[in-house]
Amino acid sequence: MRELEELKTNYTRVKESLSLCVGELAFLITFFILFFKLSIYSITIGLISQSFNLSVDGWIACHGKLYLLNSDKLNWSSSRASCVTKGADLVTISSQIEQDFLVSKIKQTHWIGLSDLETEGHWVWVNNQTLNETGVQFWFSEGPTEPDNWTNQDPSGEDCASLGDSNGNFQSWFDASCKKKKKFICEKKMLSTSIFGTN
């Protein structure tokens, strides 16, 4: 009889403990579901907010990147410095889609982030990728081909690249004296915001 009472008591304790565990498990599941929903909500709000800022600040989004077509005319080095102050760099063009997108946005020549400043003839992007690594080149090839390192205007040659030239050939790249003042295109990755912070 005494053993039966002990069994009943133990059973009651186990039942209460199990009930408590089930309650805690339900709480944890609810918490994680809420946490997940808040994460999705936060990311969505962050992207919406960022999209709003794009239209205000002049940034244009395309395929996970943001582009800013600057109306100021600066030399190549100053153009790059201006992009860096905006948390960006001069644009790196790595696909036909990106080239076509940028061509559709410009009506004047713009500096891009390509130069052979370190070694003549060895063109490198500002992110240190070579043309072989990106796999695309859009040098002007109708008539005198580019790059030609023309030295008539600047004896030091033409070591910086632009998208388009003053003759309206905006589909191609041209080498130019880095001292020339041109409009320029900044580029940065599109960020996603979450409750963990900015990635």
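Values in this text are rule-based calculations from the coordinates and carry no lab data. Every value quoted in this text rests on a predicted model; they were computed, and no experiment measured them. Because the Cβ atoms are built from the backbone with ideal geometry, glycine has one as well, and the counts that use them run over all protein chains shown.
Where in the stretch 75-121 are there trypsin sites (Lys or Arg not before Pro) that are in a DSSP coil and have at most 13 other Cβ atoms within 10 angstrom of their Cβ? Kindly include the intermediate steps, with their values, before the conclusion.
Values: sites: Arg80, Lys86, Lys105, Lys107; in loops: Lys86, Lys105, Lys107.
The qualifying sites are Lys107.
Sorted from largest to smallest, which semi-axis lengths in Å does the alpha carbon gyration tensor of the stretch 79-184 give for its equivalent ellipsoid, taking the root of 5 times each eigenvalue? Intermediate results must be reported in sequence, preceding the final value.
Details: eigenvalues 67, 54, 45 Å².
Working from the Cα gyration tensor, I get semi-axes of 18, 17, 15 Å.
May I ask for the net charge around Gly64, where only other residues with Cβ less than 13 Å from the Cβ of Gly64 are counted and Lys, Arg are +1 while Asp, Glu are -1? Can you show the working numbers first?
Values: positive: Lys65, Lys188, Lys189; negative: Glu98, Glu187.
Result for the local shell: +1.
What is the sum of charges, Lys and Arg at +1 and Asp and Glu at -1, for the other residues whose Cβ falls under 14 Å from the Cβ of Ser177? Don't jump to the answer; show the numbers that get you there.
Working: positive: Lys73, Lys179, Lys180, Lys181, Lys182; negative: Asp116, Glu120, Glu146, Asp148, Asp154, Glu158, Asp159, Asp165, Asp175.
Charge balance in the 14 Å sphere: -4.
Cross-link partners among aspartates and glutamates for Lys179, C-alpha distance below 19 Å, same-chain residues fewer than 8 apart left out?
The reachable aspartates and glutamates, counting only those whose Cα sits under 19 Å from Lys179, are Asp72, Asp89, Asp116, Glu118, Glu120, Glu146, Asp148, Asp154, Glu158, Asp159, Asp165.
Given 4 °C and 1.567 mPa s, compute D for the stretch 88-143 with the Stokes-Einstein relation, Rh being the Kirkwood radius over Cα pairs; round to the nearest whole µm²/s.
Translational D for this selection: 106 µm²/s.
By the scheme Lys and Arg +1, Asp and Glu -1, what is the net charge of all other residues having a beta-carbon under 12 Å from that of Gly164?
Details: positive: Lys105, Lys107, Lys182, Lys183; negative: Glu146, Asp165.
Net local charge, Gly164 excluded: +2.
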